[in-house]
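Take a look at the structure set out below.
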Ligand SMILES: Nc1ncnc2c1ncn2[C@@H]1O[C@H](COP(=O)(O)OP(=O)(O)OP(=O)(O)O)[C@@H](O)[C@H]1O
Ligand SMILES: [Mg+2]
């Protein structure tokens with residue numbers, strides 16, 4: 001079967017002045033469909049960099065990235081953006097909510113961008129959003145603006161937005177970093193259920209040992225590569 005995610009010899013460095021210390025060095029990684037994988041490693045080891053490359057947000061300097069068999073390097077804009085909108089849900093470490101849109105409008109956005117729904121009055125969009133916000137404990141916050149929310153509430157809106165278009169690959173960058181223990185557990189359970197029930201492939205960067213313990217696979221990033229791969 002085609003892997004959900006396949007990286008081959010992926011390298012990446014950021015230029016800081018004259019020097020470009022490598023962040024990823026010929027990294028290889030394959031993740032099967034329906035896997036919950038956790039990515040851990042010290043701060044600065046390249047977790048966010050790797051997730052951005054898997055998502056097609058950042059191009060690698062070298063190497064190939066395949067998502068469900070599609071080589072992202074062969075897609076030009078706007079095809080790459082369209083591919084990402086259809087297949088990928090990204091939960092950012094910083095929430096990236098649009099400040100001028102309400103909670104419900106922020107969550108609706110991916111459906112509108114995909115042409116699934118046309119406006120806020122669309123019943124399919126409205127039902128999906130209501131169900132998701134309910135599950136995330138935000139049922140009474142539909143009309144709030146991001147600046148009126150706590151950090152944990154913003155994080156949950158960002159999670160709803162990453163899931164609403166039912167992507168097959170979900171990438172989550174420390175999604176529980178801003179949540180209290182109980183809310184964090186609920187979020188992990190929600191994401192875990194998606195993997196078990198909907199066959200979603202989930203890669204989550206985290207420092208939490210509790211989360212790491214729930215995953216199907218543990219990926220440790222060290223010296224620019226996946227150092228320890230269990231299961
Ligand atoms: N846009 C950028 N420009 C220059 N350097 C960058 C950029 N993004 C990341 N880096 C550098 O690349 C390295 C890896 O960063 P990355 O954000 O991927 O780490 P991380 O593992 O996600 O860390 P954390 O646990 O703190 O989130 C770091 O040394 C960082 O300073
Ligand atoms: Mg990071």
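Each reported figure results from applying straightforward, stated rules to the coordinates on display, with no laboratory input. Only a predicted model underlies this, so the values are computations on that prediction, with no experimental measurement involved. Glycine also receives a Cβ, built like all others from the backbone with ideal geometry; neighbour counts cover every protein chain displayed.
For an R0 of 25 angstrom, estimate the FRET efficiency from the Cβ-Cβ distance between residue 134 and residue 185 and round to the nearest 0.05. Plugging the Cβ-Cβ distance into 1/(1 + (r/R0)^6) gives 0.90. Centre-to-centre separation between the Cα atoms of the range 171-198 and those of the range 19-55: 19 Å. With a cut-off of 19 Å on the backbone N, the residues of the range 4-19 near the modelled label site 7 Å out from residue 74 along Cα-Cβ are 4-10. Take every Cα pair under 8 Å in the range 5-230 that's 6+ residues apart, average their separations, divide by the length, and report that relative contact order as a whole percent. So the answer I get is 30 percent. For the range 46-142, the Kirkwood radius over C-alpha pairs fed into Stokes-Einstein at 20 °C and 1.002 mPa s yields D = 141 µm² per second. With no solvent and one equal point scatterer per Cα, compute the Debye intensity ratio I(q)/I(0) for the chain at 0.13, 0.18 Å⁻¹ and report its log10, rounded to two decimals. These q points yield log10 I(q)/I(0) values of -0.77, -1.40.
Between residue 222 and residue 43, the distance separating the two model label sites (each 7 Å from Cα on the Cα→Cβ line) works out to 2.0 nm. Here each label is just a point 7 Å from Cα along the line to Cβ, and for residue 101 and residue 62 those points are 3.9 nm apart.
Packing order of peptides 171-181, 217-227, 13-23, highest average first: 171-181, 217-227, 13-23 (average count of other Cβ atoms within 10 Å over each peptide's residues). Straightening the chain between residue 114 and residue 209 buys 30.6 nm, computed as 0.36 nm per residue apart minus the Cα-Cα spacing.
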